[in-house]
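I have placed the structure first, in the form of C-alpha cells, so that the comments after it can refer back to it.
Values in this text are rule-based calculations from the coordinates and carry no lab data. Please read these numbers as outputs of a predicted model, since none were measured by experiment. Every residue, glycine as well, gets a Cβ built from its backbone with ideal geometry; the counts of neighbours run over all protein chains shown.
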Amino acid sequence: MKKYMTLEANFKFRSMSNYIPDVVFSCVDGHELKMQLMLPRETDKAHPLFVFLQGSGWTYPNVYPKLPMFADFAEKGIAVAMIVHRNRNKGYPAPAFLEDAKTAVRFLRANAAKYCIDKDRIIFGGSSSGGNTALLMGQTGDDPRYKTGEYPNESDAVMGVVDVCGPSDLIRFAAHIGGTDDWMKNDFCTSFCGADANFEQRAALLHEMSPLRIFENTRVLQPTLFIHGSEDKLVLPLETETMLERLEREGCECYYLNVEGAKHDGDGMWSREVYDVILEFILGLTNKK
C-alpha cells in the first residue's frame, strides 16, 4: 500500500448502497407485512430490481441471513427487496403467499420513483417455497385471481425468474413428504389448503399452485435460472429438472446450476459463486432493456 494516496470525490455515491429496514408494503386483514430494501445510492438513474423470497415452507420467511450477500448486489447497481408473506400455520392458506408476493411487486412499482427503481426491469427469485412462488410469479403475471385491492393500478408481472430448489409440482411434492397413502390429510396439506377444504378442493388448490401443471394452460416463457442441490432429499432435483425440460421444450430461455453435493437450501447450497451466477443472470436480462 502506498503511504500517500489521492482519490476523486464520489459525489454521486457510485458503487455504494443504502439499507432501508422494515418497509411496510401491505396491511391485509390488519396484518402488516414488511420488506427489507437494499438500494444503490446513485439517484441519477432508475435501477433494476431483484425481489427475493426466502423459503419457509410457506410459513413466515426469515429475511436476515441473506441480507449481507445481497447487499453486494446493490453496490453493483441492482436494487434488492427481501419480502415476506402471511403464514399458512396462522390461518392463511394458499394462495395468500402468492397474493402477498404480488402485492410487494405492485408496491415497489407504485414507489419506483421514490426508490429509483426501473418498473420495466423487475426479476423475482426465491428459495424452496420461495422458489415455487417465483415460478408462479412468472406464470401468473397480472392474473386477477391473485390481485388484492392494494396498489390495483400497478402490474405484478416480472421479466425473469430465479428458482432455487423450489417444488414445481405440489401434488408430487406433497405426496413425497407425506409418505403415506392418506398424505392429503397431513399437516402440510391441511394448513396449506385450509382445514375446511375437502379432498377435491385440496387437490385442485395443489394443482393451481403447481407451476409445472399450470404451464400447460399459461404457456408463459419466462426467462428462468434454476439452481438445485444434487443431494436435496426434501425437494427432489426432479422438481427442477421436469420444469426445466418442459420450458426448454417450448423454447424458453433457461439456465440450470447444479450444486454438486448440496442438500436443501441452507444445507450446502449457498456460496459466493452461487450469488455470482444469480447476479450474472440478472445483469444479463436487465442489460438487454
Q. Hey, what angle do you get for helix 237-249 against the long axis of the chain, alpha-carbon based, 0 to 90 degrees rounded to 10?
A. 80 degrees
**Q.** Of all DSSP beta bridges in the chain, antiparallel share, percent nearest 5
**A.** 30 percent
Q: May I ask you to sort HIS207, HIS176, HIS47, HIS85 by Cβ crowding, counting other Cβ atoms within 10 Å and putting the fewest first?
A: HIS207, HIS176, HIS47, HIS85
Q.
Kirkwood Rh and Cα-based Rg: tell me the resulting Rg over Rh for the chain, rounded to two decimals.
A. 0.99
Q. Using helices alone, what [θ] at 222 nm do you get for the chain, with -39,500 (n - 2.57) per DSSP H run of 4 or more residues, divided over all residues and rounded to the nearest 500?
A. -10500 deg cm²/dmol
Q. How big is the Rg/Rh ratio for the stretch 89-143, C-alpha atoms only, Rh by Kirkwood, two decimals?
A. 1.01
**Q.** Bins of 10 Å from zero: percent of alpha-carbon pairs in the stretch 7-97
**A.** 16, 41, 26, 12, 3, 1
Q: Can you bin the stretch 182-258 into rounded, prolate or oblate? Criterion: square roots of the alpha carbon gyration tensor eigenvalues sorted a ≥ b ≥ c, rounded for a/c under 1.5, prolate for a/b above b/c, oblate for the rest.
A: oblate
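In the stretch 17-75, what trypsin sites (Lys or Arg not before Pro) fall in a loop by DSSP, with at most 11 other Cβ atoms inside 10 Å?
LYS45
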Q.
Take the chain, mark every one of the chymotrypsin sites (Phe, Trp or Tyr not before Pro) that falls in a DSSP loop and has at most 15 other Cβ within 10 Å, then report the longest stretch left between them, sites excluded.
A. 14-289
Q | Cα-based shape type of the stretch 78-198, given that a ≥ b ≥ c are square roots of the gyration tensor eigenvalues and the cut on a/c is 1.5 | A | prolate
Q: Could you give the size of the charge dipole of the stretch 1-145 about its Cα centre, using +1 on the Cβ of each K and R and -1 on the Cβ of each D and E, expressed in debye and rounded to the nearest 20?
A: 320 debye
Q: Consider all pairwise Cα distances in the stretch 126-280 and report the whole-number % of them above 18 Å.
A: 60 percent
**Q.** the stretch 14-37-the stretch 227-289 distance, computed between alpha-carbon centres (Å)
**A.** 26 Å
Q: Sorted from largest down, give the three principal axis spans of the alpha carbons of the stretch 216-282, whole angstrom values.
A: 34, 27, 15
Q | Within the chain, longest stretch clear of exposed GluC sites (Glu not before Pro) (DSSP loop, no more than 12 other Cβ within 10 Å) | A | 9-249
Q. What's the lysine pair count for the stretch 1-145 at a Cα cut-off below 23 Å, pairs eight or more apart or interchain?
A. 19
Q: Between beta-carbons, use under 12 Å as the cut-off and find the net charge around ASN258, counting Lys and Arg +1, Asp and Glu -1.
A: -4
